[in-house]
Amino acid sequence: MKFGVVTFPGSNCDQDMILALREGMGCETVSLWHKDTSLQGVDMVVLPGGFSYGDYLRSGAIARFSPIMGEVVKHAARGGYVLGVCNGFQILTESGLLPGALLHNESYTFVGKNVYLKAVSPLSPITAGLSETRAYKIPIAHGEGRYHADAETLQSINDNGQVIFRYCDADTAITDAANPNGSTQNIAGIVNKTRNVMGMMPHPERAMDSNLGNTDGFALIESMIGHMVSLAK
């Protein structure tokens, strides 16, 4: 599988993601610039975290007009895989590739810490191989991570199994206390209807090195790659 990681002006997690995929997982991984109009034949496009264009309007609102995003939209429409992490998730909602929006944290402060995630639907590449009885410790680092959608959209994504991660505690209990940003229904990640576009606020690429004291991110990335490879056979 070939991955392409997009760098926008202000991206600061692109090299982390490239390292995780290339060195951590042994996958062919190329860097894509926001002005590119070629995806270089990648199987998955990854929109990493950071502060695209300074997030001066809204997080992801300017990045969605970058030339490469036209190609990402086409890639997704063809069934190509897309993963957006943190700012990447925000860009996907701004682009209409995922429903809902990411608003300012309920506290209106930046939150950076380890949180716990529960996989609540196996119907996405990144959760297909995960246990629903285990809490995965994954870092967050954002100021606008509060997932919001109207009642009709929430009903739809819940009915379709499009909610893939919810914030939980270490024992997998989904509680208000375990919600770090006030996200509606503790939603931390979702997938589109065709299940090839995924967005999540936590950073699995930051939990893939024993030197950092956390390797839970391996399980998420391994699930994603394994699922993609199995479908490609």
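For segment 204-215, a residue qualifies if it is surrounded by fewer than 24 Cβ atoms within 10 Å (Cβ to Cβ) and within 25 Å of Gln162 (Cα to Cα), and the qualifying residues are Arg206, Ala207. For segment 14-39, filtered to residues that are of a type in the set (Gly, Ala, Ser) and closer than 18 Å to Met208 by Cβ, the residue that is surrounded by the most Cβ atoms within 10 Å (Cβ to Cβ) is Ala20. Among the conditions (1) more than 18 Å from the chain's Cα centre (by Cα); (2) buried (at least 24 other Cβ atoms within 10 Å of the Cβ), the only one that Ser52 does not satisfy is (1).
Output the residues belonging to segment 17-40 that are assigned to a helix (DSSP H, G or I), without any contact (Cβ under 8 Å) to a residue 24 or more places away in the chain and either more than 19 Å from Ser52 (Cβ to Cβ) or over 17 Å from the mean Cα position of the chain (by Cα) (or both). Correct list: Arg22, Glu23. Among the candidates Leu32, Leu47, Leu21, the residue that is of a type outside the set (Ser, Thr, Tyr), in contact with a Cys (Cβ under 6 Å, 6 or more places away or on another chain) and within 26 Å of Gly143 (Cα to Cα) is uniquely Leu21. Take the conditions in contact (Cβ under 8 Å) with a residue 24 or more places away in the chain and surrounded by 16 or more Cβ atoms within 10 Å (Cβ to Cβ) and apply them to Ile91. Does it pass? In short, yes. Looking only at residues of segment 141-158 that are crowded, with 19+ Cβ neighbours inside 10 Å and not hydrophobic (A, V, I, L, M, F, W, C), we find that the one that is nearest to Glu106 (Cα to Cα) is Arg146. Scanning segment 150-164 for residues that are within 14 Å of Val191 (Cα to Cα) and among the small types (Gly, Ala, Ser) turns up Ser156, Gly161.
The criterion of at least 3 residues that are modelled with pLDDT of 95 or more and over 15 Å from the mean Cα position of the chain (by Cα) is met, among strands (runs of 3 or more DSSP E) falling completely within segment 74-184, by 111-119. In the condition set (1) in contact with a Gly (Cβ under 9 Å, 6 or more places away or on another chain); (2) aliphatic (A, V, I, L, M); (3) at pLDDT below 95, Ala61 is compliant with all but (1).
Checking segment 183-198 against the condition returns a match, with at least one residue being crowded, with 23+ Cβ neighbours inside 10 Å and farther than 25 Å from Arg78 by Cα.
Which residue pairs have Cβ atoms under 6 Å apart, sit 6 or more places apart or on different chains, and have a first residue in segment 59-71 that is on the phi > 0 side of the Ramachandran plot and a second that is part of a helix (DSSP H, G or I)? These pairs meet every condition: Gly60/Gln90; Gly60/Ile91; Gly60/Glu94.
The values are calculated or read from the model by the stated rules, or taken from the named source; none is laboratory data. Worth saying up front: this structure is predicted, and the values here are computed from it rather than measured. Neighbour counts are summed over all protein chains in view; Cβ atoms, including those assigned to glycine, are modelled from backbone coordinates with ideal geometry.
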